[in-house]
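Input: a single structure, listed below in structure tokens.
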Amino acid sequence: MTSYKSDFLRTMSARGYIHQCSNEEELDAKAAKGEITAYVGFDCTAKSLHVGNLLGIMMLRKLQQSGLKPIVLIGGGTTKVGDPSGKDETRQLLSDEQIEANKQSIRKVFERFLTFGDGPSDALMLDNADWLLKLNYVDFLRDYGRHFTLNRMLTFESVKQRLDREQPLTFLEFNYMIFQAYDFLELYRQTGCNLQMGGSDQWGNIINGIELGRRVEGAELYALTTALLTTSSGAKMGKTAKGAVWLNEDMLSPYDYWQFWRNTEDADVGRFLRLFTELPLDEIERLEKLEGAELNEAKKILATEACKMAHGEEKAADAAETARKTFEQGHMAEGLPTVEIGAGELDNGLGLLTALVKAGLAGSNGEARRHIRGGAVKVNDEKIDDEKALLHGDDISNEGIIKLSLGKKRHVLLKIV
RNA sequence: GGAGGAGUGCCCGAGUGGUUAAAGGGGACGGGCUGUAAACCCGUUGGCUAUGCCUACGUUGGUUCAAAUCCAACCUCCUCCA
């Protein structure tokens, strides 16, 4: 189908979000009439969501912009079970306190992307712990368990994969899909939610929910999935030196977040601009046509726009400016990630190894040592090849700062306090 | 419950008494080339107060001058049988 009636599907399609969609025409018709409420589920396995979750968040944002109602479903309950999709091994179970802390921390992110409230298209945030934890095992099995056949569950990719690879799949995890299906049903009952969106790996789980909704409530529910996000070279998105690319500022600085987008591969620039910025499409078309080094301009715009959404306009501009000073002028820029060091520590000279570890540029003295041997370390832009080097008071700049660099890209300022 | 097989570093995977901090690959990181890209080439990839010491091959014990390697028990997974 090429021409959609609804704003929502038209944007989603034009920007390249859609991978699969159930009952497209009906969904489109309902969206056009404003009769769609959609949700995306997020598990709280970490203190912050990461770039991999960004597509889901963006979809909810687009939905809201089209005048429809988005629901953020926090998986307080399902996190206790653990989604087996895409994982080889059983996930470590988190304690209730951890889950609760993660939940609180994750909530903050959504406020940047969505408007919450009670209005017709204001976003809602719900937690499936509210209903999953109350379920009675036997009643649940009788009422809902009978709608699921093992024959079908066993054909699911997530299940098959584990079995094929001879990896254990616990009964606990096996139930995840049932809970997710039930979530959809519950949301339909509570809020009239009739669309679930997610990554393509969620397709099966979503369809389960649709089926359950139809059988139990005769509800007409829909699914919409996006392609799993990978870079053109096939790597999974969102992993960098330090691990995941977090959306929370206290987990990853806006500067590093900006850098992540700045380092996008050429081939991904257009696609990412469409998915992760809100620039007009004709502007994006112009940008992605840039060739060679000029494409870097497009990457900067991508970085700034993406950063703006996650961290706000001001932080994004700062990050862009810091990057410009650091890379284009080679100056000591103030906006780089900063680590504070007590003035006293320099009195007898602070070992460079220790300093690198404190700055988070190396995980251990040994790693720091290897980096120095490899010629990767600079202090105040001077290459250091002595592992035993000490930092002294006279390394401090006028601004009270020592700049440590690892490679060309990673810089940390030691601030003397 | 019975029989057989398996559990190795971030991941995959070789190794069946010493020369093993453990081949090879992937990933990641660093260097080179470049455009803060990709591809490619090179290097690094347990920790430490470091010519030595400690920790590590599912867990716990044992044999031995010496164990990832042999033995015992246990745990977990897989396959076949009941």
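In the set (1) in a helix (DSSP H, G or I); (2) more than 16 Å from A:Trp203 (Cα to Cα); (3) of a type in the set (A, V, I, L, M, F, W, C), A:Ala46 fails one condition alone, (1).
For the range A:324-354, residues that are of a type outside the set (Ser, Thr, Tyr), away from RNA strand B (no atom under 13 Å from the Cβ) and within 33 Å of the chain's Cα centre (by Cα) total 6. Of note, A:Arg274 satisfies the criterion of being more than 8 Å from RNA strand B (Cβ to nearest atom), surrounded by fewer than 20 Cβ atoms within 10 Å (Cβ to Cβ) and either under 20 Å from A:His50 (Cα atoms) or under 15 Å from the mean Cα position of the chain (by Cα) (or both). Candidates are the residues of the range A:242-263 that are surrounded by fewer than 21 Cβ atoms within 10 Å (Cβ to Cβ) and assigned to a loop (DSSP other than H, G, I, E, B); the one that is nearest to RNA strand B (Cβ to nearest atom) is A:Asn263. Applying the condition of being small (Gly, Ala, Ser) and within 15 Å of A:Arg271 (Cα to Cα) to the range A:301-310 and asking which residue is farthest from RNA strand B (Cβ to nearest atom) yields A:Ala306.
Of all the residues in the range A:5-30, those that are crowded, with 19+ Cβ neighbours inside 10 Å, more than 16 Å from A:Thr226 (Cβ to Cβ) and touching a helix residue (DSSP H, G or I) at 6+ places or on another chain (Cβ under 7 Å) number 2. Open to solvent by 40 Å² or more (accessible area, probe 1.4 Å), in a loop (DSSP other than H, G, I, E, B) and either closer than 24 Å to A:Leu252 by Cα or near RNA strand B (Cβ under 9 Å from one of its atoms) (or both), is that true of A:Gly363? Yes; evaluated as a whole, the condition is true for this residue. One residue stands out in the range A:165-180 among those that are surrounded by fewer than 24 Cβ atoms within 10 Å (Cβ to Cβ) and among the aliphatic types (A, V, I, L, M): the one that is farthest from RNA strand B (Cβ to nearest atom), namely A:Ile178. Note on the range A:131-160: residues that are modelled with pLDDT under 75 and in contact with an Asp or Glu (Cβ under 8 Å, 6 or more places away or on another chain) amount to 2.
Checking the structure you have, find out if any residue of the range A:380-397 is basic (Lys, Arg) and within 12 Å of RNA strand B (Cβ to nearest atom).
Yes: the range A:380-397 contains one or more residues that are basic (Lys, Arg) and within 12 Å of RNA strand B (Cβ to nearest atom).
Going by the structure shown, is A:Ala298 open to solvent by 10 Å² or more (accessible area, probe 1.4 Å), within 12 Å of RNA strand B (Cβ to nearest atom) and more than 15 Å from A:Leu54 (Cβ to Cβ)? Explain how you work it out, then say what you get.
Numbers: open to solvent by 10 Å² or more (accessible area, probe 1.4 Å): no; within 12 Å of RNA strand B (Cβ to nearest atom): yes; more than 15 Å from A:Leu54 (Cβ to Cβ): yes.
Taking the combined requirement at face value, the residue does not satisfy it.
Among the residues making up the range A:1-43, those that are touching a residue at least 40 places away in the same chain (Cβ under 8 Å), hydroxyl-bearing (Ser, Thr, Tyr) and closer than 19 Å to A:Phe276 by Cβ are A:Thr11, A:Tyr17. Exactly one residue out of A:Ser121, A:Ser105 is open to solvent by less than 20 Å² (accessible area, probe 1.4 Å) and among the hydroxyl-bearing types (Ser, Thr, Tyr), and it is A:Ser105.
From the residues in the range A:277-289 that are open to solvent by less than 20 Å² (accessible area, probe 1.4 Å) and aliphatic (A, V, I, L, M), which one is farthest from A:Thr226 (Cα to Cα)? First the steps, then the outcome.
Initially, the range A:277-289 is screened for residues open to solvent by less than 20 Å² (accessible area, probe 1.4 Å), giving A:277, A:284, A:287.
Subsequent filtering for residues that are aliphatic (A, V, I, L, M) retains A:284, A:287.
On the way: A:Ile284: 20, A:Leu287: 23 Å.
Among them, the one singled out is A:Leu287.
Would you check if A:Gly192 is open to solvent by 20 Å² or more (accessible area, probe 1.4 Å) and small (Gly, Ala, Ser)? Walk me through it before giving the result.
Details: open to solvent by 20 Å² or more (accessible area, probe 1.4 Å): yes; small (Gly, Ala, Ser): yes.
Criteria met by A:Gly192.
Residue selection: A:Ala317 satisfies the criterion of being more than 12 Å from RNA strand B (Cβ to nearest atom) and under 24 Å from A:Leu114 (Cβ atoms).
For beta carbons closer than 7 Å, sequence separation of 6+ or different chains, a first residue in the range A:282-306 that is in a helix (DSSP H, G or I) and a second that is open to solvent by 60 Å² or more (accessible area, probe 1.4 Å), the qualifying pairs are A:Leu295/A:Asp266; A:Ala298/A:Glu288.
The values are calculated or read from the model by the stated rules, or taken from the named source; none is laboratory data. Nothing here was measured: the structure is a model prediction, and the numbers come from that model. Methodologically, a virtual Cβ is constructed for each residue, glycine included, from the backbone with ideal geometry; neighbour enumeration extends over all protein chains shown. The accessibility values were calculated without ligands, DNA or RNA, using every heavy atom of the protein model including side chains. Shrake-Rupley method; radii C 1.70, N 1.55, O 1.52, S 1.80 Å.
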